[in-house]
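Bear in mind that the values in this text are calculations on the coordinates, not laboratory data. Just so we're clear, the structure is a prediction, and the values are computed from it rather than from any experiment. Virtual Cβ from ideal backbone geometry, glycine too; neighbours counted across all protein chains shown.
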Amino acid sequence: MNSYRLKSWSEHPWIAWIYTPLGMALLFVVNFPGTLYGFWWYRHQLAASDPIFWPLIPDSPLASGDFTILLVLLWLGLSISWFECLAPALLFKYGIWAVIINIHAAYLSGGASIENWMLALSHLGMALQALVFWPRLHYSRKTWIAVSLWILFNDFADYQWDIYPYLFDPRQYDLAWISALVLSVVVIGLGGYFASSSSFSGERQRINQLPKNGINITSPKIQSPK
């Protein structure tokens, strides 16, 4: 039996291939068109809204768009702290939020439509991507504070200025804002943990420091830059 003890589930060989250039390229191929579709899905709400609010309206495609940019940066070996903190937080928050809203819509209507299934599964994939990448990203506590304020401001804007995403049913309003706020608290907590934690017993390993063929679990880990 291999005596090597995995420091994190994200270092499991079945997961590790995602951090290779090939793995990130495949994720880019999935996320880029998904982001474009997301903006198209919001086209009616964007057309009916003042352009000044556009950066706050299409929550999910903005989240997947940030993650798509992050994939490119990581593939190139570049580090921009803002994207490494913002992308997984938004990806997880709006991924789970959309799953909740679509399950609730199916409940209210007496059954899930094809659109409900498609949106729920794709957004669940967004949240899973966030969990896979978050332990490997690197950002400061100052960046985490700034991102936390942005997330809370986005919630304020959505439900004070009524620019939240269109819902399937007006009866979903209370669930929408409550779940958004709860998820904001959750991702702010997770973001703070990953900003301060050294990830289990060792330093977090940078994605853009991995060898081209991914992780070799028998070799020493590459340490994160301070």
- prompt: If you add up the charges near Val147, with Lys and Arg at +1 and Asp and Glu at -1, over every other residue whose beta carbon is less than 14 angstrom from its beta carbon, what do you get?
  reply: 0
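Rounded to the nearest 0.05, what FRET efficiency do Ile103 and Phe32 have when you use their Cβ-Cβ distance and R0 = 22 Å? Working shown, then result.
Working: r = 27 Å, r/R0 = 1.21.
In this case the efficiency is close to 0.25.
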message: Given R₀ = 25 Å, what would the calculated FRET efficiency be for Ile80 paired with Arg141, taking r from the Cβ atoms and rounding to 0.05?
response: 0.90
- line: For the pair Arg171 and Ala112, the simple spin-label estimate (label points 7 Å beyond Cα toward Cβ) gives in nm 1.9 nm
- prompt: Say the dipole of the stretch 87-176 comes from +1 at the beta carbon of Lys and Arg and -1 at that of Asp and Glu; which of Tyr173, Ala98, Pro88 then lies farthest toward its positive end?
  reply: Pro88
task: Rounded to the nearest Å, what's the spacing between the alpha carbon centres of the stretch 44-122 and the stretch 138-160? Just the number, please.
output: 15 Å
- prompt: If one puts a single equal scatterer on every Cα of the stretch 1-142 and applies the Debye formula without solvent, what log₁₀ I(q)/I(0) results at q = 0.10, 0.22 Å⁻¹?
  reply: -0.40, -1.38
- prompt: Across the stretch 129-136, in residue order, what do the Karplus-derived ³J(HN,Hα) couplings come to in whole Hz, using 6.51 cos²θ - 1.76 cosθ + 1.60 with θ = phi - 60° and x for Gly and Pro?
  reply: 4, 4, 5, 5, 8, 3, x, 9
message: So the label point goes 7 Å from the Cα of Trp150 along Cα→C-beta, right? Which residues of the stretch 33-73 then have their backbone N under 19 Å from it?
response: 35-36, 39, 52-73
